[in-house]
There are 2 protein chains.
Amino acid sequence: MTSMMRVEIGQQPAALRATIDSLLPRLDEVAALAAQTRQVLFIARGTSDNAAVYGSYLIQAHGGRLATLGAPSIATAYRSRVDLDGVLAVGLSQSGQTEEIVETLGWARDCGARTLAITNGAGSPLAQAAELTLLTEAGTEQAVPATKTFTTQLAALAVLAIGLGADLDPGELRAVPDVIAAMLAQPADVEPIVAELAKVPGVVVSARGLAYSAALELAVKLKEACYLHAMGLSYADLLHGPIAVVDAETPAIILAAESGPTLAGSIELAARVTGAGARAYGIGGGPRLAAACSLSLPGPALPEWLAPIGLIVPGQLLTEALARRLGINPDSPRGLSKVTQTD
Amino acid sequence: MTSMMRVEIGQQPAALRATIDSLLPRLDEVAALAAQTRQVLFIARGTSDNAAVYGSYLIQAHGGRLATLGAPSIATAYRSRVDLDGVLAVGLSQSGQTEEIVETLGWARDCGARTLAITNGAGSPLAQAAELTLLTEAGTEQAVPATKTFTTQLAALAVLAIGLGADLDPGELRAVPDVIAAMLAQPADVEPIVAELAKVPGVVVSARGLAYSAALELAVKLKEACYLHAMGLSYADLLHGPIAVVDAETPAIILAAESGPTLAGSIELAARVTGAGARAYGIGGGPRLAAACSLSLPGPALPEWLAPIGLIVPGQLLTEALARRLGINPDSPRGLSKVTQTD
């Protein structure tokens, strides 16, 4: 039986195309909203927070603006006032229903920020709370593990970065759906890695820079759908201590774009992992990362700034296949529902 | 044989006292440096990054300023220029030798930020790169897992927050060393939890708000010294998916202050964990958290804003004892050296 998660993974090219086609014409609205701001503050949780990590790196690496992650509990638990004059607060929530995020975006507005929402929920409370909404066009998502809502969030964040003046080519963004479609038309064989991951209790998932967002997201997917002890870490943080955890029972999954300034470090990490007697699985990174890893899956043929949208796709396929191998229904992991309320 | 890690855990009251006595008289210097700034950007890695999380929550919850975490790769890998006018950049490194942090603090200065260092390394490159240095007085630390350098960083961050005008009582900070000394004079019996953790491959470590920093730090300690698959998560993020990972083989350690707005959620999390058939271990949180957990360790008798300095102490003792139980020398985990270089 085909899972809904697998069906929704396959819907990503169409969802991405609809999202990009609908949002790219709105660059002027983004620019107008941001005109009196100097920096971005993301407000999100869970998978949406991993998307925000992508937005943060993209805007800082290519947009010349500070872009960092906020802590919702400052608003909802501590009820503190913080000076947010000159800040563009960007709230992300797939459903647009998460009260914590809606409340924190309202708090940001009250603290002086301009507000923008990225959500798949048209007319949702989050969309209503924001001055401007970039709606993702993912359609209904039924499987609990988010797939198409995550990748369309990344596409919306790419539009946001361009709207903020980043030196990025919208034409490259328009090409993404076809690249993802090509990846899915000839999906990589995940079974050799699935067979190995089915035998271990935990895994490190690592990357750096823009690709770090995809590593964090894959770690969440493996925890929620496969109950694997997946530890998502920047490889710089990994080397500051947690690398000790890697051993014959604890492999590492390493994600990298085919180009960019963090590829060399990703290859070095793979060599260090295998040198420690552990297994390293590569996703993307071209032939040099593949050569340094025990097993690998090809990544997308995309420039580094867009690679995370494609790097998560083999990870989604891996998660879905591993869940089934472990006897778990990937569509409804234990203890979870589709909309999570935290306050 | 007594490990150096255990010796250094015991040195924390004296190290904290020396640090607080030396830094509290310097509030005016902090205020003067920060006078033309409106927000804080932390630059750190590993354990120092966990300390920065404490600083970020403390300054936002009590100081009215935005305080977020920077991404060093924006400086060192992407070599992007970001507008940091009005930003106080705070670099944290125990040794002050980590080139990545030194370089990123220099980048922040070049981007328009004022710069402050928090380090245990007098005369170190990081201290030289900053306009003002708050030196921690931890003395030489020999064990690879940082203990007293971490807690003295938290104390320095408390001084920073007060210097920035937070509504916090320096007298409460001065009382911290005695509270930690009292905890260590009658250390909690960690053996029942050690016996259980020795049998599982992984653990979730969770908290929220100010205590989240201590949870992240305990997760790093358990990974580096015990090779445990320790997943540090805000309980709000945990409920957005990763909670599925908790089961009979995957307990949760939950940290909380005895008061404050995140205590109730911590107790609810403990009930949810035990309700799922998993074991929950509490650190701190008073009698109500203890009652909701399977086993627990008492926390410090400190106000919420200072509790993280004391909450990590039972975690350090737990880590050290678990490492020895597992046949690992806690002073020198595999594959690690005391100063980590990342670039």
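The values are calculated or read from the model by the stated rules, or taken from the named source; none is laboratory data. Fair warning: this is a prediction, and the values are worked out from it, not measured in the lab. In this analysis, Cβ positions are derived from the backbone assuming ideal geometry, glycine residues included, and neighbour counts consider all displayed protein chains. Heavy atoms of the whole protein, side chains included, go into the accessibility calculation; ligands, DNA and RNA do not. Shrake-Rupley method; radii C 1.70, N 1.55, O 1.52, S 1.80 Å.
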>> Just to confirm my filter: which helices (runs of 4 or more DSSP H) fall fully inside region B:188-274 and include at least 1 residues that are within 14 Å of the chain's Cα centre (by Cα)?
In response: B:212-226
>> So residue A:49 passes all but one of these: (1) of a type in the set (D, E, K, R); (2) buried (at least 23 other Cβ atoms within 10 Å of the Cβ); (3) farther than 22 Å from residue A:308 by Cα. Which condition number does it fail?
In response: (3)
> Name the residues in region A:236-267 that are within 19 Å of residue A:223 (Cα to Cα), at the interface with another protein chain (Cβ under 9 Å from one of its Cβ atoms) and in contact with a Lys or Arg (Cβ under 6 Å, 6 or more places away or on another chain), would you?
Replying inline: A:242, A:245
>> Would you confirm whether or not region B:287-300 contains a residue that is open to solvent by 10 Å² or more (accessible area, probe 1.4 Å), within 21 Å of residue B:173 (Cα to Cα) and either modelled with pLDDT under 95 or away from chain A (no Cβ under 12 Å) (or both)?
In response: yes
> Of B:30, B:40, which residue is more than 30 Å from residue A:244 (Cα to Cα) and in a strand (DSSP E or B)?
Replying inline: B:40
> Considering A:181, A:138, which residue is modelled with pLDDT of 95 or more, over 24 Å from residue A:59 (Cα atoms), surrounded by 15 or more Cβ atoms within 10 Å (Cβ to Cβ) and among the small types (Gly, Ala, Ser)?
Replying inline: A:181
>> Quick test of your reading of the structure: residue A:43 fulfils all but one of (1) buried (at least 24 other Cβ atoms within 10 Å of the Cβ); (2) among the hydrophobic types (A, V, I, L, M, F, W, C); (3) within 9 Å of another protein chain (Cβ to nearest Cβ). Name the failing condition by number.
In response: (3)
> Going by the structure shown, is residue A:176 away from chain B (no Cβ under 14 Å), of a type outside the set (Gly, Ala, Ser) and closer than 25 Å to residue B:78 by Cβ?
Replying inline: yes
>> Looking at B:128, B:142, B:153, can you tell me which residue is within 19 Å of residue B:98 (Cβ to Cβ), more than 16 Å from the chain's Cα centre (by Cα) and part of a helix (DSSP H, G or I)?
In response: B:128
>> Any residue that is surrounded by 19 or more Cβ atoms within 10 Å (Cβ to Cβ), more than 30 Å from residue B:177 (Cβ to Cβ) and touching a Leu at 6+ places or on another chain (Cβ under 9 Å) - is there at least one of those in region B:274-283?
In response: yes
> Residues in region B:316-323: is at least one at pLDDT below 95 and either in a strand (DSSP E or B) or away from chain A (no Cβ under 13 Å) (or both)?
Replying inline: no
>> Residue under question is residue A:68, and the condition is that it be touching a residue at least 24 places away in the same chain (Cβ under 8 Å), polar (S, T, N, Q), open to solvent by 10 Å² or more (accessible area, probe 1.4 Å) and outside the structural domain of residue A:304 (by TED's automatic domain parsing); does it hold?
In response: no
> Within region B:78-92, how many residues are touching a residue at least 24 places away in the same chain (Cβ under 8 Å), open to solvent by 10 Å² or more (accessible area, probe 1.4 Å) and either facing chain A (nearest Cβ under 7 Å) or assigned to a strand (DSSP E or B) (or both)?
Replying inline: 2
>> For region B:186-203, which positions are open to solvent by less than 10 Å² (accessible area, probe 1.4 Å) and either in contact with a Gly (Cβ under 8 Å, 6 or more places away or on another chain) or without any contact (Cβ under 8 Å) to a residue 24 or more places away in the chain (or both)?
In response: B:202
> Just one of the numbered conditions (1) more than 21 Å from residue A:51 (Cβ to Cβ); (2) outside the structural domain of residue A:48 (by TED's automatic domain parsing); (3) open to solvent by 30 Å² or more (accessible area, probe 1.4 Å) is not true of residue A:171; which one?
Replying inline: (2)
> How many residues are in contact with a Ser or Thr (Cβ under 7 Å, 6 or more places away or on another chain), more than 8 Å from chain B (Cβ to nearest Cβ) and either under 24 Å from residue B:74 (Cα atoms) or open to solvent by 10 Å² or more (accessible area, probe 1.4 Å) (or both) when one looks only at region A:219-233?
Replying inline: 1
>> Of the residues A:262, A:319, only one is over 21 Å from residue B:237 (Cβ atoms), buried (at least 21 other Cβ atoms within 10 Å of the Cβ) and of a type in the set (S, T, N, Q); which?
In response: A:262
>> within 24 Å of residue A:262 (Cα to Cα), without any contact (Cβ under 8 Å) to a residue 60 or more places away in the chain and assigned to a helix (DSSP H, G or I): which single residue out of B:75, B:108 fits that description?
In response: B:75
> If you check B:106, B:165, which single one turns out to be open to solvent by 20 Å² or more (accessible area, probe 1.4 Å), closer than 23 Å to residue B:41 by Cβ and over 19 Å from the mean Cα position of the chain (by Cα)?
Replying inline: B:165
>> Looking only at region A:48-70, filter to residues that are out of contact with any strand residue (DSSP E or B) (no Cβ under 9 Å at 6 or more places or on another chain) and part of a helix (DSSP H, G or I); which one of those is nearest to the other protein chains (Cβ to nearest Cβ)?
In response: A:61
> residue A:114 passes all but one of (1) open to solvent by 10 Å² or more (accessible area, probe 1.4 Å); (2) facing another protein chain (nearest Cβ under 7 Å); (3) not β-branched (Val, Ile, Thr); which number fails?
Replying inline: (2)
